[in-house]
Amino acid sequence: MDLQLAEGIAVVTGAGSGIGRATAKYLAAEGVKVVLLDIDLEAAEQNAREISTEGGQAAAIRVDLSDENSTGEAIAEAAATFGGIDYLVLCAGISTLFGKGVDEIGAAAWDREFGVNVRGQWLPVKFALPSLRASSRAAAISIVASDSALFAAPLNTAYEATKGAVLMLTKGLAVDLRPDNIRVNCVCPSVVDTPQSRAALGIVEGGYANVDYPVHSPEDIARYLTLLISPVTATINGHPLVADFGYSAQSNFPA
Ligand SMILES: NC(=O)c1ccc[n+]([C@@H]2O[C@H](COP(=O)([O-])OP(=O)(O)OC[C@H]3O[C@@H](n4cnc5c(N)ncnc54)[C@H](O)[C@@H]3O)[C@@H](O)[C@H]2O)c1
């Protein structure tokens, strides 16, 4: 299937690692020019170099997405890199409070989680809007939320609250940007094999090989994020695409 993205320009956040890294590569393989944003510039540059070696077009820029000035400057530089922005794919995020009860979390740590996971998804949209509005393509945004936006696990309240906010950010943006023909959707994955989930879940040697639950590859989520910015999903807007192997489809009916 032709995803009709070739020659477009995408900005991918969190592109130095995990899902963002895989998504930048996937988009580049589709012929998209990719600007990789990350607070870890070295990692983003390394990924951009790999994309270039594989024949793609990529550039890397450092940003702290929780900071308004940093994000404004990075998005302006990104728009100047290839001459515009057609697509935003927002993958940056942190999970630093898993395993803590709400009475064990300090306000600064709570705010930091929201600063990256929520403000860090809104700010790039704010600053990219003029470019997205000026795009000659079907501009679109896809965001990584989480199944934690919909279902709670024990001792993960702060992260879940941020992801619930990202889900409603997606819907609010979809409604507000509909007059501009800019679609906004999100993906809500269960566990994905990335440095973030390994750190949060204490996965060390052997990786996920011996766990008794299913785990996505970052490439799985890269495909879904890409599909949601493609014109092939033109009538899907404000949608949370749940990728959880069907777990949430099952009731607790004893059978
Ligand atoms: N891994 C999972 O199981 C899983 C499941 C559901 C949702 N998610 C979400 O997917 C997204 C990507 O996570 P991942 O698992 O690929 O994690 P990751 O840690 O591998 O990658 C996250 C990237 O975001 C960057 N980042 C962090 N703070 C930043 C900031 N302030 N400014 C700019 N960049 C920053 C990091 O440097 C890193 O490169 C996150 O939003 C995460 O919450 C992950």
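Some observations on this one:
- The range 131-149, residues that are away from the ligand (no atom under 11 Å from the Cβ), open to solvent by less than 80 Å² (accessible area, probe 1.4 Å) and either out of contact with any Gly (no Cβ under 8 Å at 6 or more places or on another chain) or not in a helix (DSSP H, G or I) (or both): 132, 135, 137, 138, 139, 140, 141, 142
- In this structure, residue 62 qualifies as basic (Lys, Arg), farther than 23 Å from residue 226 by Cβ and modelled with pLDDT of 95 or more.
- Taking the listed residues 226, 194, the one that is among the β-branched types (Val, Ile, Thr) and near the ligand (Cβ under 9 Å from one of its atoms) is 194, with no other qualifying.
- Among the residues of the range 49-65, those that are crowded, with 20+ Cβ neighbours inside 10 Å, more than 16 Å from the chain's Cα centre (by Cα) and within 13 Å of the ligand (Cβ to nearest atom) comprise 60, 61.
- The residues listed here are 226, 235; of these, the one that is loosely packed, with under 14 Cβ neighbours inside 10 Å, modelled with pLDDT of 95 or more and polar (S, T, N, Q) is 235.
- Selection count where residues are β-branched (Val, Ile, Thr) and within 28 Å of residue 153 (Cα to Cα), scope the range 227-255: 1
- Residue selected from the range 228-252 under the condition of a type in the set (Ser, Thr, Tyr) and part of a loop (DSSP other than H, G, I, E, B), by the criterion nearest to the chain's Cα centre (by Cα): 230
- Each residue in the range 175-184 was checked for being farther than 19 Å from residue 136 by Cα and open to solvent by less than 60 Å² (accessible area, probe 1.4 Å), and 0 of them qualify.
- Restricting the range 66-110 to residues that are within 16 Å of the ligand (Cβ to nearest atom) and among the hydroxyl-bearing types (Ser, Thr, Tyr), the residue that is least open to solvent (accessible area, probe 1.4 Å): 71
- Residue identified as part of a helix (DSSP H, G or I), more than 16 Å from the chain's Cα centre (by Cα), among the small types (Gly, Ala, Ser) and within 8 Å of the ligand (Cβ to nearest atom) among 200, 161: 200
- Pick from the range 164-182, criterion touching a helix residue (DSSP H, G or I) at 6+ places or on another chain (Cβ under 7 Å) and more than 10 Å from the ligand (Cβ to nearest atom), ranking: farthest from residue 113 (Cα to Cα): 180
- Residues in the range 204-223 that are open to solvent by less than 30 Å² (accessible area, probe 1.4 Å) and among the hydrophobic types (A, V, I, L, M, F, W, C): 221, 222.
- Every test in (1) open to solvent by less than 60 Å² (accessible area, probe 1.4 Å); (2) more than 19 Å from residue 172 (Cα to Cα) is passed by residue 128 save one, and that test is (2).
- Subset of the range 112-139 [under 15 Å from residue 88 (Cβ atoms), in contact with a Ser or Thr (Cβ under 8 Å, 6 or more places away or on another chain) and hydrophobic (A, V, I, L, M, F, W, C)]: 123, 127
The values are calculated or read from the model by the stated rules, or taken from the named source; none is laboratory data. Owing to the predicted nature of the structure, the values given are computational and were not obtained by experimental measurement. A quick note on method: Cβ atoms are made from the backbone with ideal geometry, for glycine too, and the neighbour counts reach across all protein chains shown. These accessible areas exclude ligands, DNA and RNA; they are computed on the full protein's heavy atoms, side chains included. Shrake-Rupley method; radii C 1.70, N 1.55, O 1.52, S 1.80 Å.
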